[in-house]
């Protein structure tokens, strides 16, 4: 791409601001330590396949140590602090994130593959905002509506995905600490670096050792954490399949559980919608973060009477998207996070064609190295098609049409998921009518993919349970 | 209730309550229900897997209408349940006393508390949104609000407390617009069946509460694994192994699970909001602000 009306000179953000160590240990009890039974693995830049660093896949004994450190910190320090002091630590973390924001944004883009424009303007500012928001709750828990003296749960085991590594860390750690818990957090195997940078921020903030522990690793490490008898709470963001396994695994225990899982959101455009805005919203809905978004608007439901016109405009707009170097400030679409994810996107897209849907992508040069997938849309999609039912988690949009609001609603709700939905129309009463009936945890009207620390986020049905953000987000970490 | 010398009493047949009707178990099975002192009380229907599935269908069918009824309307319906229950107070006192082997005074206290609990929950129908919803001051030009909504169809394994416990787990589920399939206390199902008669005559739409009598260990696994059930309350499951099995089965479609209490709760205590909130989702709506 970039062969349209304008060509852009490269405008890369400088990498000089980040200092990646050749290897990292596990962050346990306030220090980066060597593993006991963990094994090293490499993390790569998905845009170049360059090895960035070597990190540890923590083993069961490492998890033991981390949980023990979190327990000691909980019993010995954190649960004795006043809410005011816990809040002050969280304010420090928020400020440090702000001070190191450029470094964190660059590091996130290098390790994840997302455009610097997104890590710089969306992810990292939201991280700081999230800590800032929950910092203020720490000494006000008695006013949160969960009784006069709500208690923390204890030690929380938290597992986060690779699509918004540092933001998901903030969504997990900020409310947990504000409520008085200590945590053991496992970042995703392909994106450990910003979590390890956050470990350094914890040290800079003089956070008491053991309050935050970060154990890197993959599924086995996660399983060891979830199954560890020493934790009181499991919080997971990731796929519905793994969420199911976790729900089974904690059955019969007294561990509290919240799950934020997959989605297949409908983005519904009515014939009276402001079309240019809707096109921007559709693009933001599915191509933001390469479509690696659980709440992505991956099913476009467009009213039949405007389908042709909308698709024309949408295709024209896709032709102007710039795919390439995530560190380039003009890049719209970065790299796919891993070869495994790229393979899944390719496979489901091929199935979409086999099942009879029509595939379209703009002319688009893909870089030679790294993992890339062009923005893609499928028309002629029916509800039975796998690309209309399964989460692709990539820059692939399935387009369906409808005639009446009732039909739009029926199609939108015809999914086991229920994370988010979008509605585009000029008619306020119709927005609220749709919003009432959509079985989804977040409904965006004439906008999409907006996030804010004050705004509860989470799913219905198989998209999980529990909310993150806002007053509601505290409930996940309080014994209510 | 007692047979008088000059008249032979008409005894009641205790049946299931599904979709607003009172069917027998499709399996044709019954089981003997005895009083706490061992006296024969009645034959109750022994619900089967098929009955459980029929009940889920009825509950799903009723969900749309009940969940979209106004909160004011649902509150009035629940209050009406209390009115009708009050009118049959003597009958419930006798049934609870028989079922649980408690003295008349204790049975009266439980029935009174059960009636009052309906009244308490009736009042919540149009208040829980204000207590648990929010408007969210997001950093941008959007009006952003969160509202609680019913989760859907809930399966409820009722506790041993034959009326007060039952009401304490059913009312918080339905007041917010959920519908449910209830497995009554296995050993003491008769007050539950009589309660279903109260529900049927209290403007509660058919299918909102469906009540099965029988063995929890037989019926509950079908409900726990049913893909059209959204939540399960294990209040009455006392066997830890069964509770674990049910929770594991519930994970298939990520049901909301309320685990069994560690010990039989004091059902007369203030119930708090937990049971209502456990069967609510939070929906957040973003709307741009502009001219």
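Just so you know, all these numbers are worked out from the coordinates, no wet-lab data involved. Remember, predicted model here, so these are calculated numbers, not experimental data. Backbone-built Cβ (ideal geometry, glycine too); neighbour counts: all protein chains shown.
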* Structure fact -> FRET efficiency (residue B:238, residue A:343; Cβ distance; R0 51 Å; to 0.05) is 0.60
* Structure fact -> Residues of the stretch A:5-38 with backbone N under 19 Å of the label point set 7 Å from the Cα of residue A:50 along Cα→Cβ are A:10-24
* Asked: Rounded to the nearest 500, what is chain A's calculated 222 nm mean residue ellipticity when only DSSP H runs of at least 4 contribute -39500 (n - 2.57) each, over all residues?
  -> -11500 deg cm²/dmol
* How much length, in nm to one decimal, is gained on full extension between residue A:254 and residue A:276, taken as 0.36 nm per residue of separation minus their Cα-Cα distance? -> 2.9 nm
* Specify the angular offset, from 0 to 90 degrees and rounded to the nearest 10, of the alpha carbon long axis of helix A:124-137 from the longest principal axis of the alpha carbons in chain A. => 50 degrees
* Structure fact -> Quick calc, residue B:5 & residue A:316: beta-carbon distance into FRET formula, R0 60 Å, rounding 0.05, result 0.05
* **Acute angle (nearest 10 degrees) that the helix B:104-124 long axis makes with the longest principal axis of chain B, alpha-carbon atoms** => 20 degrees
* Structure fact -> From fewest to most C-beta neighbours within 10 Å, the residues A:162, A:424, B:118 line up as A:162, B:118, A:424
* So how far, in whole Å, is the C-alpha centre of the stretch B:56-95 from the one of the stretch B:235-289? -> 21 Å
* To do: Quick one: grab the alpha carbon gyration tensor of the stretch A:109-169, order the square roots of its eigenvalues as a ≥ b ≥ c, and give me rounded if a/c is under 1.5, else prolate or oblate depending on whether a/b is larger than b/c.
  => oblate
* Based on the mean of other beta carbon atoms within 10 Å per residue, what is the order of B:153-166, A:15-28, A:222-235, A:358-371, most packed first? -> B:153-166, A:222-235, A:15-28, A:358-371
* To do: Work out, step by step, the length gained on full extension between residue A:42 and residue A:403: first 0.36 nm times the residue separation, then minus their alpha carbon distance; give nm to one decimal.
  => 124.9 nm
* Asked: Using a basic spin-label model with each label point 7 Å from the Cα along Cα→Cβ, how many nm lie between residue A:17 and residue A:84?
  -> 3.5 nm
* **Computed over the stretch B:35-140: relative contact order in percent, which uses C-alpha pairs under 8 Å that are six or more apart** => 35 percent
* Asked: Rounded, prolate or oblate: which one fits the stretch B:16-127, using the alpha carbon gyration tensor with axes a ≥ b ≥ c (rounded when a/c is under 1.5, else prolate when a/b beats b/c, else oblate)?
  -> oblate
* Given a Förster distance of 56 angstrom, what is the FRET efficiency for residue A:75 paired with residue A:308, based on the Cβ-Cβ distance and rounded to 0.05? -> 0.30
* Structure fact -> So for the protein assembly as shown, using the alpha carbon gyration tensor with a ≥ b ≥ c as root eigenvalues (a/c under 1.5 gives rounded; past that, a/b versus b/c decides prolate or oblate), I'd call it prolate
* Under a point spin-label approximation (7 Å from Cα along Cα-to-Cβ), what is the residue B:263-residue B:68 distance to one decimal in nm? -> 4.7 nm
* To do: Can you tell me the 0 to 90 degree angle between the C-alpha axis of helix A:240-250 and the longest principal axis of chain A, rounded to 10?
  => 30 degrees
* **Which of B:270, A:206, A:62 has the fewest Cβ neighbours within 10 Å, and the rest in rising order** => B:270, A:206, A:62
* Structure fact -> By Cβ neighbour count within 10 Å, fewest first, B:227, A:168 rank B:227, A:168
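Just for the protein assembly as shown, what percent of DSSP beta bridges are antiparallel, to the closest 5?
If I count the DSSP bridges inside the protein assembly as shown, around 40 percent turn out antiparallel.
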